[in-house]
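Since the structure comes first, as structure tokens, the remarks are kept for the end.
The values are calculated or read from the model by the stated rules, or taken from the named source; none is laboratory data. These numbers come from a predicted model, not from an experiment. We place every Cβ from the backbone using ideal geometry, glycine too, and count neighbours over all the protein chains shown.
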Amino acid sequence: MTAHPRPHRDSTHSDVADALRRLLNEPTISIPDAARLLGIGRSTLYAAVKSGELPAIRVGNRVRIPSKSIRRILQVETDPDIEAQ
């Protein structure tokens, strides 16, 4: 029996657009959204969180990434009114 590789799902344009909308409008984003925006895998992002390279907020077993940190890495400008919220 031949092992079949796990199908790889590439991020679609709408996935990235949705992640970007959340980045600009929500105080934190999920690991999958942050990884998608940074163009890296989730395991790489978890490793960056574990090493302290990327700040994270842990609530129970959930990990969220402050949107501000990702915006700074990506050099994304935001509306000052959004930052004040």
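Of note:
- Hits in segment 15-63 (condition: touching a Ser or Thr at 6+ places or on another chain (Cβ under 7 Å) and polar (S, T, N, Q)): Thr28
- Filtered by the rule that a residue be crowded, with 17+ Cβ neighbours inside 10 Å and either acidic (Asp, Glu) or more than 12 Å from Arg64 (Cβ to Cβ) (or both), segment 24-34 gives a lone residue, Asp33.
- Tabulated pairs, segment 56-85, first at pLDDT 95 or above, second polar (S, T, N, Q), C-beta under 8 angstrom, 6+ apart or interchain: Ile57/Thr28; Arg64/Thr28; Arg64/Ser30; Ile65/Thr28; Ile65/Ser30; Pro66/Thr28; Ser67/Thr28; Arg71/Thr78
- When residues of segment 21-39 are limited to those that are touching a residue at least 40 places away in the same chain (Cβ under 8 Å) and under 9 Å from the mean Cα position of the chain (by Cα), the one farthest from Arg58 (Cα to Cα): Leu23
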